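Down below is the structure, laid out as structure tokens.
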Amino acid sequence: MKVGTDSVLLGAWTNVGQAENILDIGTGTGLVAIMMAQRSDADIHAIELQKNAFQQARENIYNCPWSDRIQIQYVSFQEYASCADRSFDLIVSNPPYFIDSLSPTREDRYQARHNSTLSQEDLILGSLKILKSDGRLSVILPYREGHSFIDLAGRNGLYCSRKTYVKPNPNKNPKRLLLEFSFQQIKPEEKHLTIEKGERHNFTREYRSLTRDFYLNF
């Protein structure tokens, strides 16, 4: 599992303010869980269903400076949410997002990117069970899937409170949505973020400002 821009964006953008307990759903390499620990004093719980990713995340977490505050479990979110003995101030997820498209051929890439293992509905309904009344859910999704997630969450009582449109460069349409949800029905704060100026790896000032605490060469 590679470290992807989506996870870096989610880990840097998510509001960790006042959070004492954070859950990272589908932690992959463990990157977002580690970023949550770096940015807060919270206890971090990470879960992962794909075996190779779980093993890699466990190793990464063990070797990070905040390993004493991060727990990782090899379990599906559906199972975890059905028997969780705690509630969370913040839930974060870079969830699988392919719905109708062709799936990657490798099984681990399939599970990581295709929502057959975690549907939007399962993610929303499970979050409702274990999110505190003043808690937040933070996700990153492709543009189309993000809007369907907003609609489905709203129908179930979770409302979008923050939304950032992410463009790969100034000449492209938004490709990703960074989304925050809460139980309060308010007008969402909307912003725009462009990653690169146009040339590959020529990052914008706003992207550098958001992520500089996590890149060694920024």
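Restricting attention to the stretch 163-173, does a residue exist that is at pLDDT 95 or above, of a type outside the set (Ser, Thr, Tyr), out of contact with any Ser or Thr (no Cβ under 9 Å at 6 or more places or on another chain) and in a strand (DSSP E or B)?
Yes, the stretch 163-173 has at least one match.
From the set of residues in the stretch 186-207 that are under 19 Å from the mean Cα position of the chain (by Cα) and of a type outside the set (Asp, Glu), which is surrounded by the fewest Cβ atoms within 10 Å (Cβ to Cβ)?
Step by step, filter the stretch 186-207, then rank; the result is His192.
So Ser127 ticks every box in (1) modelled with pLDDT under 95; (2) buried (at least 20 other Cβ atoms within 10 Å of the Cβ) but one. Which box is left unticked?
Result: Ser127 passes all but (1).
Give, as residue ranges, the helices (runs of 4 or more DSSP H) completely inside the stretch 11-94 that count at least 1 residues that are more than 18 Å from the chain's Cα centre (by Cα). Break it down stepwise before answering.
Numbers: elements: 31-39, 51-62, 77-83.
Those helices (runs of 4 or more DSSP H) span 51-62, 77-83.
Scanning the stretch 112-131 for residues that are in a loop (DSSP other than H, G, I, E, B) and of a type in the set (Ser, Thr, Tyr), which turns out nearest to Gly26 (Cα to Cα)?
Thr117
Sort through Asp85, Asp43 and tell me the only one that's at pLDDT below 95 and either over 24 Å from Glu189 (Cβ atoms) or in contact with a Leu (Cβ under 6 Å, 6 or more places away or on another chain) (or both).
Step by step, each of Asp85, Asp43 is checked, and only Asp85 is at pLDDT below 95 and either over 24 Å from Glu189 (Cβ atoms) or in contact with a Leu (Cβ under 6 Å, 6 or more places away or on another chain) (or both).
I'm checking my understanding of the structure. Among residues of the stretch 132-148 that are assigned to a helix (DSSP H, G or I) and either closer than 20 Å to Gln184 by Cβ or not acidic (Asp, Glu) (or both), which one is nearest to the chain's Cα centre (by Cα)?
Across the stretch 132-148, the extreme among qualifying residues is Gly146.
The values are calculated or read from the model by the stated rules, or taken from the named source; none is laboratory data. Keep in mind that this is a model prediction, so the values were computed, not measured. No Cβ is skipped: glycine too gets one built from the backbone with ideal geometry, and neighbour counts run over all protein chains shown.
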